[in-house]
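The values are calculated or read from the model by the stated rules, or taken from the named source; none is laboratory data. Please read these numbers as outputs of a predicted model, since none were measured by experiment. Heads up, the Cβs are rebuilt from the backbone with ideal geometry, glycines too, and the neighbour counts pull from every protein chain shown.
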Amino acid sequence: MFVHVPSRRREKRAWWTAVLVLACVVMFFWEMSVPEAARTAWLYQFGTVPSRLLQTLASASPGAIGVELARLLSGIFVHVDFPHLLGNMVFVLIFGLSAERLMGARRFLALYLLCGAMANICGALVYQASGAVIVGSSGAVSAIVGAYITLFPNARLGLVIPLGLFMEWVRMPASVLIGIWVLIQVLFALAGPASAVWPGPSIWPALSVVCCLR
């Protein structure tokens, strides 16, 4: 005979996932409040510019290096336009909530920030002479995706897909949605910094997380 005994242990809440999404949304509306003519300058102020980063590191000026290191982090919360923001935040919510509950708040936050910054460094090393600014949380999101597929390898996701005037509830393997994400990031990486603002390469944080957690 089995008796259920109520437990005082509460389910972990994914606070940092919500906080990170909120921070990105707030930064986006702050960006939109800047006059359009000054918006690119605003992005350069918070994002990572490969040529600027490497020149600053070569100068060995502690103050300037500190500013550039801070930009590696601040650029994670900056997005070019609404589709860029929406695409990243949807994946943060889908995969971040479950990953944070299992990993814990501190490990999840460290994963998000460190892998986001390392993805920006990766972009700077690949395109060292580029004057384009790298912004966006794609690198951090890729790390979360990598953590999720490692922690929940057989997970299935329920998605609501609009079909004309009706909404269809569909369950699919998480790997299918992750495959779509990887394809998008590969296309961004192949496109390279063709414009003044570039989301940058971000696949490798996901791969590194998969290797480490396994």
**OP:** Answer yes if at least one residue in segment 166-181 is at pLDDT 80 or above and β-branched (V, I, T), and no otherwise.
**Re:** no
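Results for (1) more than 16 Å from C24 (Cα to Cα); (2) under 13 Å from the mean Cα position of the chain (by Cα); (3) at pLDDT below 85; (4) not hydrophobic (A, V, I, L, M, F, W, C), shown as yes or no for each residue.
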| position | (1), (2), (3), (4) |
| --- | --- |
| G96 | no, yes, no, yes |
| A117 | no, yes, no, no |
| A132 | yes, no, yes, no |
| A155 | yes, no, yes, no |
Original post:
Has segment 114-121 got any residue that is touching a residue at least 60 places away in the same chain (Cβ under 8 Å), surrounded by 16 or more Cβ atoms within 10 Å (Cβ to Cβ) and in contact with a Phe, Trp or Tyr (Cβ under 6 Å, 6 or more places away or on another chain)?
Top reply: no
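Going by what's in this entry, would V78 be described as touching a Leu at 6+ places or on another chain (Cβ under 8 Å), surrounded by 19 or more Cβ atoms within 10 Å (Cβ to Cβ), at pLDDT 85 or above and within 18 Å of F28 (Cβ to Cβ)? If you could, list the steps in order and put the result at the bottom.
Details: touching a Leu at 6+ places or on another chain (Cβ under 8 Å): yes; surrounded by 19 or more Cβ atoms within 10 Å (Cβ to Cβ): yes; at pLDDT 85 or above: yes; within 18 Å of F28 (Cβ to Cβ): yes.
Yes: the conditions hold for V78.
Return the residues of segment 46-78 that are in a helix (DSSP H, G or I), of a type in the set (S, T, N, Q) and more than 18 Å from Q128 (Cα to Cα); say none if nothing qualifies. Lay out the reasoning, then the answer.
Here is the first cut: in segment 46-78, the ones in a helix (DSSP H, G or I) are 46, 50-59, 62-77.
Now drop any that are not of a type in the set (S, T, N, Q), which leaves 51, 55-56, 59, 74.
S74 - this is the single residue of segment 46-78 that is in a helix (DSSP H, G or I), of a type in the set (S, T, N, Q) and more than 18 Å from Q128 (Cα to Cα).
Based on this model, can you work out whether R107 counts as free of Cβ contacts under 8 Å to residues at least 60 places away in the same chain and crowded, with 22+ Cβ neighbours inside 10 Å? Before the answer, list the steps.
Numbers: free of Cβ contacts under 8 Å to residues at least 60 places away in the same chain: yes; crowded, with 22+ Cβ neighbours inside 10 Å: no.
Criteria not met by R107.
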Original post:
Applying the selection to segment 116-143, what residues are outside any helix (DSSP H, G or I), of a type outside the set (S, T, N, Q) and at negative phi?
Top reply: Y127, A129, G131, A132, V133, I134, V135
Subject >> Test set (1) buried (at least 16 other Cβ atoms within 10 Å of the Cβ); (2) under 15 Å from G47 (Cβ atoms) - G131 fails condition number >> reply: (1)
Original post:
Given (1) touching a strand residue (DSSP E or B) at 6+ places or on another chain (Cβ under 9 Å); (2) surrounded by 19 or more Cβ atoms within 10 Å (Cβ to Cβ); (3) touching a residue at least 60 places away in the same chain (Cβ under 8 Å); (4) not basic (K, R), where does T40 come up short, assuming only one miss?
Top reply: (2)
